[in-house]
Amino acid sequence: MLLLPTLRLGFFAGNPAGSGKTIEMITISPGMTPGKIAAELHRRKLVSSTRLFTLYARLRGLDARLKAGTYQFNDGMSPGEILGKLATGDVYRCLFAVPEGYSTFQIAEMLEAKGFFSKKSFLKQCRDKKMLHDLNIPGLSVEGYLYPGSYNVVPGMSEKDLIEQMVEKFHEVYSVRFADRAKEHPFDQVKVLTMPP
């Protein structure tokens, strides 16, 4: 009696819904239920059945381990592969590397060249007074506070989101690398950063 349903579920898990020509970006929100995730996958034609995907996730013991984030799937992936990416949090990554010593203008040019944001909109956000206030940055822009390194630019991310990531990284490194200097000059980050080693 159980053989046919088991065979059907096994066939479903191992067979893609399409040929791989359809590529979709899907954002899974925190707290999104397996049923809603399955329904979204089905709506995008990435799986052939909402019910079978939900059941498969439950039987694999992964229904409570699906992680939030933005994912890239194609209809050539089997439901098993899709479930695996969701369970391990294998989110979409589009890394943007900021070289050391780059100014906000140079960063803006790189972002525009890679198609992430326009140079004008990024530079405008760098001078946004409310954001500067919220980030506790004195002065007229975030110049000097955008820490070099690699950042994941995901679909839907704004210029403000990226800047906040870079500034947060700056403060993390500052608090560790310049802890002793900061004690001597607690209110002057610029002086701390420009002091000779």
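Does residue 84 fit the bill of being surrounded by fewer than 19 Cβ atoms within 10 Å (Cβ to Cβ) and modelled with pLDDT of 95 or more? Steps first, please.
Details: surrounded by fewer than 19 Cβ atoms within 10 Å (Cβ to Cβ): yes; modelled with pLDDT of 95 or more: yes.
Yes.
Conditions: (1) touching a Ser or Thr at 6+ places or on another chain (Cβ under 8 Å); (2) in the same structural domain as residue 149 (by TED's automatic domain parsing). Residue 124 meets all but one. Number of the miss?
Only one criterion in (1) touching a Ser or Thr at 6+ places or on another chain (Cβ under 8 Å); (2) in the same structural domain as residue 149 (by TED's automatic domain parsing) is unmet by residue 124, namely (1).
Determine which member of the set 52, 132, 41 is outside the structural domain of residue 168 (by TED's automatic domain parsing), in contact with a Ser or Thr (Cβ under 8 Å, 6 or more places away or on another chain) and either more than 22 Å from residue 12 (Cα to Cα) or not in a loop (DSSP other than H, G, I, E, B) (or both).
41
Every residue in region 55-68 that is in a loop (DSSP other than H, G, I, E, B), over 19 Å from the mean Cα position of the chain (by Cα), under 20 Å from residue 14 (Cα atoms) and of a type in the set (A, V, I, L, M, F, W, C), please.
Correct list: 62 only.
Would you confirm whether or not region 49-64 contains a residue that is in contact (Cβ under 8 Å) with a residue 12 or more places away in the chain, touching a Phe, Trp or Tyr at 6+ places or on another chain (Cβ under 6 Å) and farther than 29 Å from residue 157 by Cα?
Yes; the residues of region 49-64 include at least one that is in contact (Cβ under 8 Å) with a residue 12 or more places away in the chain, touching a Phe, Trp or Tyr at 6+ places or on another chain (Cβ under 6 Å) and farther than 29 Å from residue 157 by Cα.
Condition first: among the hydrophobic types (A, V, I, L, M, F, W, C) and either in contact with an Asp or Glu (Cβ under 6 Å, 6 or more places away or on another chain) or outside any helix (DSSP H, G or I) (or both). Now tell me which residues in region 7-38 satisfy that.
17, 23, 25, 26, 28, 32, listed by residue number.
The values are calculated or read from the model by the stated rules, or taken from the named source; none is laboratory data. Since the model is a prediction, treat every value here as computed from it, not as a measurement. Note: ideal-geometry Cβ built from the backbone for every residue, glycine included; neighbour counts use all protein chains shown.
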